[in-house]
Structure formats: structure tokens, C-alpha cells
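The values are calculated or read from the model by the stated rules, or taken from the named source; none is laboratory data. Because the structure is predicted, anything quoted here is derived from the model rather than measured. So basically every Cβ, Gly included, is an ideal-geometry build from the backbone, and we count neighbours across all protein chains shown. Quick note on the areas: whole protein, heavy atoms, side chains included, nothing else; ligands and nucleic acids left out. Shrake-Rupley method; radii C 1.70, N 1.55, O 1.52, S 1.80 Å.
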Amino acid sequence: MPALKESTNPIAISARLGELLVSEGHLTYEQLHECMDEHKKSARALSTVIIDKGYLSSEKIVEFVSQKCGFKFVRLADRGAIKKDVLKMVPEKMVRQKFILPIQFADDQLTVAMCDPLNVMAVDEIRITTGLKVNVVITPEGDLADAIERAYGGREPSSKGAAEEAKKLGAGEDGGLVVQKSAEKSADEDEDDSATQISQEEQGGIIQIVNLLLVRAVKCKASDIHIEPYQKTLRVRYRMDGVLYEQPSPPKKFLNAIVSRLKIMASLDIAERRRPQDGRIKVKIGEKEVDLRISICPCTSGEKVVIRIMDSAATRLDISQLGMDPENLSIFNKHIKDPHGIILVTGPTGSGKSTTLYSTLHTLNSPDVNIMTAEDPVELVLQGINQVHCNAEIGLTFASALRSFLRQDPDIIMVGEIRDQETMTIAINAALTGHLVFSTLHTNDAPGAVTRIVMMDIDPVLISSALTMVVAQRLVRTICKDCKESYEVETQWLANLGVPAKQRPETPKVTLYKGKGCENCAGTGYRGRVGIHEVLEINDNIRELISQKATAMAIKDAALKNGMITLEQSAVRKLLSGLTTAEEVIRVTGSHTS
């Protein structure tokens, strides 16, 4: 068996490594082909692609390459400090770009540590740059990252690099970001005890680092930014299409300054680090106005920040764009125009309930209708709608807000969430006295909402009289249009997804779709999300069951006989129409294939 180090072609070396991994039973051929395709497109190391996809751990890859390729395995954590003279032999920029670290120089030979020693191009570049013989040793990715952190004091983006990148992403040094509403603080207030740890030049770049994080997230269409401190490092992740992806992170020493900058932008107390704080920022990035919701929580290694990005243009959808099946859309449109009653939208956090409610209110909003909302917090300000930000600390709860609303002559009321008996009782009374009430519940399906309300010790007769419709929903990722490709499976395979025989195509095979991964979707194969829905219409039969305290299963069986489409059936429709993948249907609905 020829050694992997004999070849100088990176693709050939990677292919050889892949073949070895398959022959040893660590990968399947399908997994290898998938990883090789991404390796060739992205120019990322094959080992990195395999690790990112979760097929093998970094430790397993390093151990395998060490055994099969003859590289010496080292633990950088067990070594002492690296001599400064050795570190200076390779430019810091090259160390970070190639992800290598010089650790020793002896007998005219420079020893460098790598987690991907098969990257012969990087080794050749080091040899040419230094003019020295290069000896490569292999180390786990985490060990190497920590060692670089100790040697050079952090990962990019640096404050200077952030300023340069901000200029590239947008107009001017602010990265195209303009804070439209923030607190005015003095220069003294802007500083905290962490400022002594960074230079004046670095302090000036903090604004650029923060702006860069925000601008990047908006351009990636992220819904959330997570800034997470750990003992020695800082991690930044963006939630895109419901999934978290790690991003380039600034050094840990900038944490307090970044948090202070965000607190100032959101008019929060920069001196308070022991208690959670919440705030809002309104910014303009280019020509787009974006609302940011800031949540700061003290953790053992510093303050963690989560920034929810509220894009008003994305939230004000037309109801027809929510992804409802035609039958569900017809029922939904009928009941949102009812003069009174309660309409509930259910699902877990992040399932798109707020988007559905905001889109509905946007549709119903007109000069002849008085709409009032009680929210905690107000996620999006809607013109022409009276929105109240509830605050339990001052006694402004959902229940107290609802009582006040009933004296304000409303036609339509929206309650952010029904959490207790008092709120539910007032909402029912409002519905029975001629008001249309919208709200949310956290339940797994539509029939489960009825059981949840009964558990609040509400009279089932009142529930059956007030409730008109329950909508359960989830969000599935849609396939990227730029890298979408088809493949065929046996029609019988759909049974594993819970598809009844009568809903399966009569052909022996069915065509499904997936995304290969491209620049447009950051290699994920997905771009955007669409809703799947389960709409329970409360007809006379269902009302009778509710009055009799029937179980959720009995209500579901009756609804299915009336033609209700379940979440699973809605997801399969999206699958067969080519909008999403089988993997996504399984992930969201919990179906399992054999």
C-alpha cells in the first residue's frame, strides 16, 4: 500500500485517505462521495468536511492518519511554552490561514503541528517561506486551536481586520450599519474594567467588530446571533434556517468591550453584569431597517449575548406565502374573518407562530377595525395596531392587559401567549362577548391544545363555545434552488415516513430532491424555510367531544374523519412537491426510516 505522503496532488491524497477510511469501515461510499464533492468545491480539507458532517470525530481522524500515514502524534497541551524565536519563523498570518503552528527548531529543521498533515500545499508554502526543512507532526484540531490562542492571543477577526472587512461589506467604516436609536453615553461610561486589557487602537475597533457581526448576520439572513464566552475562547454562532452555524470569532479579551458596546446601543446598564438584561436596537443596514432584540445573561465565563434579528419585511408575509396546503388555507381564511371566537396557533419555540399571527393581523388591519395586542416582548411594531409590551414586574400581565383592552372597544385582540387560567378565562369571556381573539400555546399538535386548556381547569362547555380553530405548525428548511438535484427511491420507502398507502404514488419509484450544497446556501443544501400546518376546525362534532372532556386522541380521530391534514402529511406533501428533503421531514416531524 503506497504511503499517502508520496503524492503531491491534494485531491489524490484526499481520495486515498477516503478509500482507506471506507476500507476500514469508518465511512460508507455514499458518505465519502458526499464529502469529496464538498471538498472539491470548497477547497476545505477532506478531514474537516468529514468532521463537520459528524461522520467522524477530530480525535478519530487524527488517530487514523497518524497510524496509517506515519506522522508523529503530539499533544500540544502537554508541551511547555513555545519559544518566541520559533514562532517568529512563520508569519502569524500564515499560521492562522493555514492552521499550523511552528513548535520546535533543531538541526536546521522546523517542526510544525497540523491537524491536516495531508495538506501538502501548506507544507510546501511553509518550506518556501522559511527556507527550512519542514517536519510535520499531527495534533487534534482543538489542541491546535488552543495552542494558537496561547501563542498569539486570539483568533480573527481582530479589531483592525474587522474595520477593513466592515468597509468591504457596506458603505463607510460602520459597515453600512447605522444605529437609529441608542442611548447617549459619556466617554467615561463607555469604559469598563476590561478596557485596560486591550489597547486604545483595539478599543476603537470594537465598534467595527460589533457592526461586522451584525452586518454579516443580516446578509446571511440569520435569525439569531449567539455570542458565547468560554474559559479561554469566545464562540460566535448564527442561526440560519433554524440551525446554528459557527462563525469566525474575535479574541476572548474583547468580550466585555463587545458586550458594553451592545448594552450602550440597547440603552442598558453597562455596569450591571450580575443580572440578565433585555433591550432593543433599531438599526439601518444599507437601505434595510432591522429591529434587534438583545438578551444578555451572566454565565460562569462571562456574559452571553443572544441577538434576535427581526426583519419586518420577512415577517409581514401574505397569508398565502405561509406554506399552508390549499384545504388548510381555505379553513384559515374563513375563520380569521369570524366576528368573534378564539383562534389558537400552537407549536414549540421557533416554529413560526409569531410570523403567522403578525401576517394575519397585517391582513386584517384596516381603518375600520380596532386591533390591540398584548405581547412579551413586542417583536415587531405594526403601523395602525395598538401594541402593549407586558411587564410582570410592574403588574402589567397578559391578564391585566386583557382587562384593560375590553374597556378600549377592540374588534380584534391578540395575546402573545396564554400561560395560565386567569388569562384563558378572560380570553374566553372576550370571545363570548363579541371579540375575535388570537393567541398561542405550546403544544405538539392541534388536538393537544384542547387538553391543555382543560388542564387549566376551564369549563369544557365554555371552551367548546369560544374556540373556533386551532393551528399547529412547524418550519421545514427548503431546498436551495441553485444546487437542487433529483434522485429516485422505491415508493414503498415512503411507508417509513408514515405515508398511508392511498397517498403514495402508484408508480414503483418516486422522484425526490435534495441540495448538493453551493455558495448560495453555504454548503448546506438548504435556503429558507416554509411552514407545515395542522388545522383543526371546531365543528359541531368536535364541540360535542370537547364538552364531554374527550381525550386528545378521540378529538384527533374525529378531526381526521372530517379531513384534517396532520403535520406529518403536510410535511410529506412538501417532500413530494420538491420543496424539502426526506431528512428534513424526519428531523422536524420525528418520523423514522428503517
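Conditions tested, residue by residue: (1) open to solvent by less than 80 Å² (accessible area, probe 1.4 Å); (2) within 36 Å of the chain's Cα centre (by Cα).
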| residue | (1), (2) |
| --- | --- |
| 84 | no, no |
| 90 | yes, no |
| 99 | yes, yes |
| 129 | yes, no |
| 137 | yes, no |
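Scanning the stretch 379-404 for residues that are open to solvent by less than 60 Å² (accessible area, probe 1.4 Å) and β-branched (Val, Ile, Thr) turns up 385, 388, 397. All conditions but one from (1) touching a residue at least 40 places away in the same chain (Cβ under 8 Å); (2) more than 21 Å from residue 243 (Cα to Cα); (3) in contact with a Ser or Thr (Cβ under 7 Å, 6 or more places away or on another chain); (4) among the β-branched types (Val, Ile, Thr) apply to residue 499; the one that does not is (3).
The residue list 528, 563 contains one member that is assigned to a loop (DSSP other than H, G, I, E, B) and either at pLDDT below 90 or small (Gly, Ala, Ser) (or both), which is 563. Of all residues in the stretch 357-368, those that are at pLDDT below 95 have Cβ atoms under 6 Å from Cβ atoms of residues that are assigned to a helix (DSSP H, G or I), 6 or more apart or on another chain, in 358/315; 359/319; 363/319.
So, residue 355, is that one assigned to a helix (DSSP H, G or I), under 26 Å from residue 399 (Cβ atoms) and open to solvent by 10 Å² or more (accessible area, probe 1.4 Å) or not? Against the criterion (assigned to a helix (DSSP H, G or I), under 26 Å from residue 399 (Cβ atoms) and open to solvent by 10 Å² or more (accessible area, probe 1.4 Å)), residue 355 qualifies.
For the stretch 511-538, a residue qualifies if it is of a type in the set (A, V, I, L, M, F, W, C) and in contact with a Phe, Trp or Tyr (Cβ under 8 Å, 6 or more places away or on another chain), and the qualifying residues are 512, 522, 535. Of the numbered criteria (1) buried (at least 16 other Cβ atoms within 10 Å of the Cβ); (2) in contact with a His (Cβ under 9 Å, 6 or more places away or on another chain); (3) touching a residue at least 24 places away in the same chain (Cβ under 8 Å), the one residue 462 fails is (2). Going by the conditions given, is residue 481 basic (Lys, Arg) and more than 30 Å from the chain's Cα centre (by Cα)? Answer is no for this residue. Among the residues of the stretch 543-572, those that are among the charged types (D, E, K, R) and touching a residue at least 40 places away in the same chain (Cβ under 8 Å) comprise 543, 544, 549, 556, 568. Here residue 271 clears all of (1) farther than 17 Å from residue 309 by Cα; (2) touching a helix residue (DSSP H, G or I) at 6+ places or on another chain (Cβ under 6 Å); (3) of a type in the set (A, V, I, L, M) except the condition numbered (2).
In the stretch 502-525, the qualifying residues are those that are part of a loop (DSSP other than H, G, I, E, B) and among the charged types (D, E, K, R), and the one that is farthest from residue 240 (Cα to Cα) is 506.
Considered as a group, the residues in the stretch 405-455 that are open to solvent by less than 20 Å² (accessible area, probe 1.4 Å) and in a loop (DSSP other than H, G, I, E, B) include one that is nearest to residue 532 (Cα to Cα), and that residue is 443. Of the listed requirements (1) closer than 24 Å to residue 587 by Cβ; (2) touching a strand residue (DSSP E or B) at 6+ places or on another chain (Cβ under 6 Å); (3) hydrophobic (A, V, I, L, M, F, W, C); (4) open to solvent by less than 10 Å² (accessible area, probe 1.4 Å), residue 530 misses just one: (4).
Put simply, of 341, 350, 302, 286 the only residue that is at pLDDT 95 or above and not β-branched (Val, Ile, Thr) is 341. Scanning the stretch 1-34 for residues that are in a helix (DSSP H, G or I), hydrophobic (A, V, I, L, M, F, W, C), modelled with pLDDT of 60 or more and more than 19 Å from residue 141 (Cα to Cα) yields 15, 20, 22, 32. Please work out which one of (1) more than 21 Å from residue 339 (Cβ to Cβ); (2) in contact with a Ser or Thr (Cβ under 9 Å, 6 or more places away or on another chain); (3) open to solvent by 30 Å² or more (accessible area, probe 1.4 Å) is the condition residue 492 fails and give its number. Residue 492 satisfies all of (1) more than 21 Å from residue 339 (Cβ to Cβ); (2) in contact with a Ser or Thr (Cβ under 9 Å, 6 or more places away or on another chain); (3) open to solvent by 30 Å² or more (accessible area, probe 1.4 Å) except (2). Within the bounds of the stretch 480-489, is there any residue that is part of a strand (DSSP E or B), of a type in the set (Asp, Glu) and open to solvent by 10 Å² or more (accessible area, probe 1.4 Å)? Yes: the stretch 480-489 contains one or more residues that are part of a strand (DSSP E or B), of a type in the set (Asp, Glu) and open to solvent by 10 Å² or more (accessible area, probe 1.4 Å).
Might you let me know whether the stretch 507-523 holds any residue that is of a type in the set (Lys, Arg), surrounded by fewer than 20 Cβ atoms within 10 Å (Cβ to Cβ), at negative phi and touching a Ser or Thr at 6+ places or on another chain (Cβ under 9 Å)? The answer is yes, given that some residue of the stretch 507-523 is of a type in the set (Lys, Arg), surrounded by fewer than 20 Cβ atoms within 10 Å (Cβ to Cβ), at negative phi and touching a Ser or Thr at 6+ places or on another chain (Cβ under 9 Å). Does residue 367 meet the test of being more than 24 Å from residue 281 (Cβ to Cβ), out of contact with any strand residue (DSSP E or B) (no Cβ under 8 Å at 6 or more places or on another chain) and part of a loop (DSSP other than H, G, I, E, B)? It is true that residue 367 is more than 24 Å from residue 281 (Cβ to Cβ), out of contact with any strand residue (DSSP E or B) (no Cβ under 8 Å at 6 or more places or on another chain) and part of a loop (DSSP other than H, G, I, E, B).
Do you know which of the residues in the stretch 250-298 that are without any contact (Cβ under 8 Å) to a residue 24 or more places away in the chain and among the small types (Gly, Ala, Ser) is least open to solvent (accessible area, probe 1.4 Å)? Per the criteria, the residue is 279.
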